[in-house]
1. Would you please name the residue that is surrounded by the fewest Cβ atoms within 10 Å (Cβ to Cβ), looking only at residues in the stretch 112-158 that are in a strand (DSSP E or B) and touching a Lys or Arg at 6+ places or on another chain (Cβ under 7 Å)?
2. Mind checking whether some residue in the stretch 27-38 is surrounded by fewer than 20 Cβ atoms within 10 Å (Cβ to Cβ) and over 21 Å from Tyr133 (Cα atoms)?
3. Residues that are touching a residue at least 12 places away in the same chain (Cβ under 8 Å), hydrophobic (A, V, I, L, M, F, W, C) and within 19 Å of Leu150 (Cα to Cα): list the helices (runs of 4 or more DSSP H) wholly contained in the stretch 1-105 that include at least 2 such residues.
4. Scan (1) free of Cβ contacts under 8 Å to residues at least 24 places away in the same chain; (2) surrounded by 14 or more Cβ atoms within 10 Å (Cβ to Cβ); (3) under 14 Å from Ala5 (Cα atoms) for the single condition Asp109 breaks and write down its number.
5. Look at the stretch 46-79 and say how many of its residues are under 20 Å from Gly134 (Cβ atoms) and not acidic (Asp, Glu).
Amino acid sequence: MAIAAVRIRGTVLARQTVVDTLQMLRLTRANHCVILSDTPSTRGMLVKVQDYVAWGEVTPQIIARILLKRAHVEGGEVFSDAYVKANSKYSSIWDFTQALSKGEASPRDVKGLKPVLRLHPPLKGYRSVKLPYGMGGDLGYRGKEIENLLTRMLGVEK
């Protein structure tokens with residue numbers, strides 16, 4: 001299963017270990033998103049920075065939607081099925097997202113694909129950037145509900 005992590009807060013007055021962990025996750029700015037494989041070390045890092053990010057499991061459909069709308073490729077080319085076929089072993093974006101969601105692939109497998117997805121702030125805003133998800137905020141583990149946040153960040157009201 002793949003995990004999407006979205007940075008929500010800045011790091012003013014944050015501990016250095018938190019800042020370092022966010023850099024290791026490639027979450028250097030607010031509203032940046034990364035697709036990660038579900039491993040114990042990844043989950044440990046996400047738990048460490050849970051006061052700064054929202055994260056949860058995503059389906060191949062939402063991964064494909066995010067990649068089609070917000071993926072950037074080196075050289076300014078358009079991310080499409082033809083690009084994926086020419087620069088990886090996968091024949092289409094759908095095959096790549098299927099492998100990505102199963103943990104069999106990473107964004108590094110498509111040559112030139114940048115691993116960080118820059119998203120817009122969500123439509124209708126965040127509920128709270130100081131409270132965890134279970135208490136009515138947006139931070140921490142959200143499970144499948146991360147897809148609702150991601151679709152709002154793509155500019156699609158659900």
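Every number in this text was worked out from the coordinates using simple rules, so none of it is lab data. Note that the structure is predicted; figures quoted are calculated from it, not measured. All Cβ positions, glycine included, derive from the backbone under ideal geometry; neighbour counts span all protein chains shown.
1. Arg118
2. Yes, the conditions are met somewhere in the stretch 27-38.
3. Of the helices (runs of 4 or more DSSP H) lying wholly inside the stretch 1-105, those with at least 2 residues that are touching a residue at least 12 places away in the same chain (Cβ under 8 Å), hydrophobic (A, V, I, L, M, F, W, C) and within 19 Å of Leu150 (Cα to Cα) span 60-70, 93-102.
4. Going through the list (1) free of Cβ contacts under 8 Å to residues at least 24 places away in the same chain; (2) surrounded by 14 or more Cβ atoms within 10 Å (Cβ to Cβ); (3) under 14 Å from Ala5 (Cα atoms), Asp109 breaks only (3).
5. Matching residues across the stretch 46-79 total 11.
Residue-wise test of (1) in contact with a strand residue (DSSP E or B) (Cβ under 7 Å, 6 or more places away or on another chain); (2) of a type in the set (Lys, Arg); (3) within 17 Å of His32 (Cα to Cα).
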| residue | (1), (2), (3) |
| --- | --- |
| Ile66 | yes, no, yes |
| Ala71 | yes, no, yes |
| Gly75 | no, no, no |
| Tyr126 | no, no, yes |
